[in-house]
Structure formats: structure tokens, C-alpha cells
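What follows is one structure encoded as C-alpha cells, with my remarks underneath.
Derivation of every value follows stated rules applied to the coordinates shown; laboratory data play no part. Fair warning: this is a prediction, and the values are worked out from it, not measured in the lab. Cβ: placed from backbone, ideal geometry, glycine included. Neighbour counts: every protein chain shown.
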Amino acid sequence: MAINKVLIVDDSKTEIMFLTDLLQKNGYVVRSAENADEAFKRLTEEKPDLILMDVVMPGQNGFQLTRAINRTPEYTEIPIFICTSKNLETDRVWGMRQGAKDYITKPVDPAELFAKIKALG
């Protein structure tokens with residue numbers, strides 16, 4: 001599956017700007033959401049090919065949102081990469097158990113991110 005459209009879910013405007021710039025310079029179409037409600041709104045507007053999910057956000061956290069998206073039949077095939085500063089192995093394992101396809105720690109290494117995106121396709 002070719003990855004063209006990416007949804008970034010992160011409450012940090014700085015992180016959204018960094019990832020958006022990085023992805024757009026590499027030819028991806030990027031949309032963003034700052035919380036769970038916005039994320040589901042973006043999903044209904046246009047289904048992305050990949051979701052980059054922060055963990056620490058107000059309201060529903062990224063682990064909960066990943067689980068919710070994976071339990072919604074029309075979105076189960078969308079791969080989710082947890083993209084967070086939480087770098088403990090237990091966090092990684094928990095993220096994967098919620099249905100994430102991969103786990104990337106911040107600050108995001110562009111080469112690692114693009115290698116993982118390429119591995120999906």
C-alpha cells in the first residue's frame with residue numbers, strides 16, 4: 001500500500017510543524033489534529049494512509065485513541081505509528097498492544113521515520 005496521506009495527531013504545534021514540514025518536503029500530503037475529537041473528525045473527512053500518534057495529550061491519550069481507532073471497523077486497516085517522547089520498553093509494548101504498527105521516540109529521526117514508512121509499502 002502506497003503511503004501518500006498522513007494524519008499527525010499531536011497537541012504540540014511545534015511538533016506538528018516539524019513533522020508536517022518534514023513530510024511535505026518528501027511529497028506527502030499532511031493533515032493534523034491536536035486531540036482525539038479532532039482526529040476522528042479528520043478521519044471522517046478523509047481517510048489517511050498513515051497516522052502518526054502522540055501519546056501525551058489532554059483528554060484521551062494516544063494509547064486510548066490508537067485502541068479506539070483500531071476498534072472502529074472502517075479504520076482498522078490504517079497503520080498507526082506511536083510517535084512519542086515516552087521511551088520506556090513498557091510504553092512501546094503497551095503501544096503495540098493497542099494496535100500500533102510501530103513506535104518512534106522523539107525527537108524523530110527523519111531517516112528512521114522514512115525507513116519505517118517505506119517498510120509499510
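Taking the number of Cβ atoms within 10 Å of each Cβ as an exposure proxy, the fewest-first ranking of Thr14, Thr20, Thr72 is Thr14, Thr72, Thr20. Label-to-label distance for Glu45 and Glu89 is 4.1 nm, based on points extended 7 Å past Cα in the beta-carbon direction. Summing charges over all other residues whose Cβ lies under 10 Å from the Cβ of Leu120, with Lys and Arg as +1 and Asp and Glu as -1, gives +1. Once the Cα-Cα distance is subtracted from the 0.36 nm per residue extended length, the Arg97 to Asn26 segment shows a gain of 22.6 nm. Only lysine pairs 8 or more places apart or on separate chains count here, and in the chain those with Cα atoms under 23 Å apart total 28. For Ser12, neighbours were defined as the other residues whose beta-carbon sits under 12 Å from its Cβ, and their charges (Lys and Arg +1, Asp and Glu -1) total -3.
Each of the GluC sites (Glu not before Pro) that DSSP puts in a loop and that has at most 13 other Cβ atoms within 10 Å breaks the chain; the longest unbroken stretch is 1-45. Is the chain rounded, prolate or oblate when judged by the Cα gyration tensor, a ≥ b ≥ c being the square roots of its eigenvalues, rounded requiring a/c under 1.5 and prolate requiring a/b larger than b/c? Rounded, since a/c falls under 1.5. A simple spin-label model places the labels of Glu74 and Lys13 3.1 nm from each other, with each point 7 Å out along Cα-to-Cβ.
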